[in-house]
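Written below as structure tokens is the structure these notes are about.
The values are calculated or read from the model by the stated rules, or taken from the named source; none is laboratory data. From a predicted model like this one, the values you see are computed outputs, not experimental measurements. Heads up, the Cβs are rebuilt from the backbone with ideal geometry, glycines too, and the neighbour counts pull from every protein chain shown. Quick note on the areas: whole protein, heavy atoms, side chains included, nothing else; ligands and nucleic acids left out. Shrake-Rupley method; radii C 1.70, N 1.55, O 1.52, S 1.80 Å.
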Amino acid sequence: MKRIPQLFLAATVLFTSCSDETTVFKDDLQDDVIVESNEAELEGSISYDKSGVLEIFDEDALTNKGGLTNKADIAGDYPLTLVAQVNPPTYRGRGGLTASHVDVEGNYAYVSYNEVEDGYFGAVEIINISDPNSPRVTSRLIYLNADLNSVEYENGFVYVAGGVNSETSALATSNSFVGKIAVSNGRFNTGGGITYGFQQGFNANDVAVDGQRVLTTSGKDGSLTVYNQSDLAIQEEVPYDDLRSLALDQGNIALLNASTGLVILDASYQVIKEIPIDTDFGLATKKSIDFSGDKIVVSEGGKGAGVYSLSSGSLVEYIPILIDPAGVAESDIVTNAVATNEEMILMANGGAGLCLSEDNGNNADLVGIIELEGSINYVASKDDYLFAASGREGLQIIKLNRPSESLAARCASLPAYSGSSTLNVSQGQTLEYRGAKRFKNLNVAGSLLLCGSWTVINNVGLDTDALFEMNGTFVVGRNNRRRDVTVESGATFRVEGNLIIYGDLILNDGATLEFIGENSVVNIFGSVQRNGSSTVSGTFNDVRNKF
């Protein structure tokens with residue numbers, strides 16, 4: 001977060017044209033807000049270069065202790081895939097943005113951006129994630145002189161929080177602001193203008209909508225400010241020394257005050273609990289918090305993530321930063337953000353990557369570091385998605401590939417898989433499993449049924465006369481490390497669900513690919529090679545038209 005005020009844009013706007021599909025809003029000080037709706041520009045933000053199966057490196061592997069255990073040979077939980085990366089917005093050669101916050105609602109992800117270095121530049125954009133195989137940036141709004149630090153969608157509006165310069169703006173009464181922008185069908189609707197509210201503090205750093213009220217925190221010498229949702233008129237303003245973020249849960253409000261620790265308020269903003277935290281949160285840096293049942297997880301910089309009991313107010317544990325990577329500045333090995341999703345605890349550890357832990361009800365079990373490039377500075381997760389923000393690598397969209405409930409019901413009688421990360425099914429052997437695992441290799445000479453969600457980082461082979469049936473999600477390879485699926489003569493590959501191959505599908509003479517049901521999807525990034533006479537049958541959605 002920047003402490004130096006910045007030029008802001010007044011709410012009264014008039015319309016001019018920058019290009020056929022770019023709208024510029026100007027206030028009476030002639031400062032620009034850009035709404036980018038050029039489809040080619042928006043579509044060019046999505047990159048699939050590194051999409052595909054993600055490894056998770058456990059502590060033994062990271063510390064070169066893998067040879068001491070057989071853990072690396074066991075199929076891993078959490079079969080994650082990198083769907084795509086979203087490059088940060090630029091405008092006329094100006095860049096340097098990084099994602100500061102993500103909110104997910106229904107088929108859309110709403111992303112705010114700020115500028116890490118000196119200077120003021122921000123953006124907010126909408127990403128359509130209704131098709132997990134093909135996310136699309138549908139709308140973007142760029143502030144040329146403001147950072148945006150937080151975003152939340154609620155009932156047809158996007159709310160953003162950031163910083164203003166009250167001394168040079170004709171509208172702003174203080175340095176921190178919240179903005180309310182109308183949204184329609186995945187696009188910003190600015191025809192009615194943008195509504196703004198202002199509060200004390202150097203920079204608004206978090207925003208949350210709760211019914212008819214909008215809550216915003218601002219940093220040093222700032223406040224928790226509650227606005228009326230309809231017109232952003234201030235209802236309450238409670239001063240605090242140094243608020244960094246907020247979270248809502250069952251009517252309670254949790255605030256992270258860098259000066260004292262956690263402050264838990266009731267719906268009337270009365271303090272019901274204070275949890276002291278003795279941590280150096282850094283100067284003017286946002287640190288996120290998240291509820292997980294009776295616990296609250298706090299990003300605590302160099303200490304990692306602190307887990308606290310809401311009922312007792314005591315520290316449950318610290319989840320440490322798993323690795324200390326060589327060549328990374330100590331200042332970049334810090335937990336900047338945390339997120340929870342069911343049993344998962346996620347830590348954005350800067351240069352130490354994105355750490356995944358599993359909450360088992362007592363102390364969290366470290367799972368490992370997810371195979372992502374770049375310094376991970378923010379993480380958010382909801383439903384079946386995970387969003388990780390890093391500078392040059394942009395916003396990384398990750399699918400958790402959790403089995404659906406209907407799938408679990410159909411396959412409930414099958415045993416859960418818990419074996420090797422290399423699965424070999426011998427000729428004459430029949431194996432059937434349910435679950436969600438990461439494989440290194442898969443070779444089928446007999447008969448195999450997999451129900452659930454599965455990834456394979458290397459090649460998949462079906463030998464002569466083999467049968468492989470999958471029901472759910474099956475993903476092979478990565479786009480920058482392509483691997484093939486080969487179906488030999490007489491072999492049958494039966495698919496019900498989602499098949500994604502970052503490589504080629506090779507159907508040799510006499511091979512059969514059969515899709516069952518009405519909703520199967522196949523997404524092949526390489527090519528379909530049909531050697532000799534092969535059979536493809538059934539109804540399916542061919543995402544990239546490879547058949």
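Suppose R0 equals 41 Å; then what is the FRET efficiency for GLU59 and VAL116 from their Cβ-Cβ distance, rounded to the nearest 0.05?
0.90
At what distance in nm do the modelled label points of GLN427 and PHE291 sit from each other, each positioned 7 Å from its Cα along Cα→Cβ?
It is 6.0 nm.
What is the gain in length, in nm to one decimal, between SER533 and ASP365 on full extension, counting 0.36 nm per residue of separation less the C-alpha to C-alpha distance?
Full extension of this stretch gives 55.4 nm more.
Tell me, in nm to one decimal, what length is gained between SER314 and THR464 on full extension, where the rule is 0.36 nm per residue of separation less the Cα-Cα distance?
48.0 nm
Of LEU407, VAL367, SER311, which is farthest towards the positive pole of segment 282-440's charge dipole, taken about the Cα centre with +1 and -1 on the beta-carbons of Lys, Arg and Asp, Glu respectively?
Positive-end residue among those listed: LEU407.
Is the shape of segment 285-350 rounded, prolate or oblate, going by the alpha carbon gyration tensor and its root eigenvalues a ≥ b ≥ c, with a/c under 1.5 for rounded and a/b larger than b/c for prolate?
prolate
Would segment 439-547 count as rounded, prolate or oblate if I go by the C-alpha gyration tensor, calling it rounded below 1.5 in a/c and otherwise prolate when a/b exceeds b/c, oblate otherwise?
The shape class here is rounded.
So how much slack lies between GLN270 and SER166, counting 0.36 nm per residue of separation and subtracting their Cα-Cα distance, in nm?
Taking GLN270 through SER166 to full extension adds about 34.4 nm, to one decimal.
Which of (i) 48, 28, 23; (ii) 44, 28, 19; (iii) 40, 31, 25 is the computed semi-axes √(5λ) of the Cα gyration tensor in Å for the structure on display?
The listed entry that was calculated here is (ii).
Using alpha-carbon pairs under 8 Å, 6+ residues apart, how would you state the relative contact order of the chain in percent?
11
About its Cα centre, how strong a charge dipole does segment 315-465 have in debye, to the nearest 20, once Lys and Arg get +1 and Asp and Glu get -1 at the Cβ?
Value, rounded to 20: 420 debye.
Determine the per residue accessible area of the chain with all protein chains present and a 1.4 angstrom probe, expressed in square angstrom.
Ligands and nucleic acids excluded, the figure is 39 Å² per residue.
Filter the cross-link list LYS180/LYS273; LYS180/LYS399; LYS295/LYS437; LYS220/LYS287 down to pairs whose alpha-carbon distance in this structure exceeds 22 Å.
Where the Cα-Cα span goes over 22 Å, the pairs concerned are LYS180/LYS273; LYS180/LYS399; LYS295/LYS437.
In vacuo Debye scattering of segment 349-496, one point per C-alpha: log10 I(q)/I(0) at q = 0.10, 0.16, 0.17 Å⁻¹?
-0.43, -0.98, -1.06
Counting Lys and Arg as +1 and Asp and Glu as -1, each charge on the Cβ, what is the dipole of the chain about the Cα centre in debye, to the nearest 20?
I would put it at about 820 debye.
Of GLY532, ALA233, LEU442, which is farthest along the charge dipole of the chain in the positive direction, counting Lys and Arg as +1 and Asp and Glu as -1 at C-beta?
GLY532
First check a/c for segment 256-374, with a ≥ b ≥ c the square roots of the eigenvalues of its C-alpha gyration tensor; if it is under 1.5, answer rounded, and if not, answer prolate when a/b is larger than b/c or oblate otherwise.
oblate
When only the heavy atoms of the protein chains count and the probe is 1.4 Å, how do GLU59, GLU469, GLU154 rank by accessible area, highest first?
Order by accessible area, largest first: GLU59, GLU154, GLU469.
Report in % the part of the accessible area of the chain that belongs to carbon and sulfur, leaving out ligands and nucleic acids; probe 1.4 Å.
So the carbon and sulfur contribution to the accessible surface is 44 percent.
Heavy atoms of the protein only, probe of 1.4 Å, neighbouring chains included. What is the accessible area of PHE202 in Å², nearest 10?
60
Residues in segment 300-314, backbone N under 12 Å from the label point at GLU330 (7 Å along the Cα-to-beta-carbon vector): list them, ranges by number please.
Only 302 fall inside the zone, counting backbone N under 12 Å.
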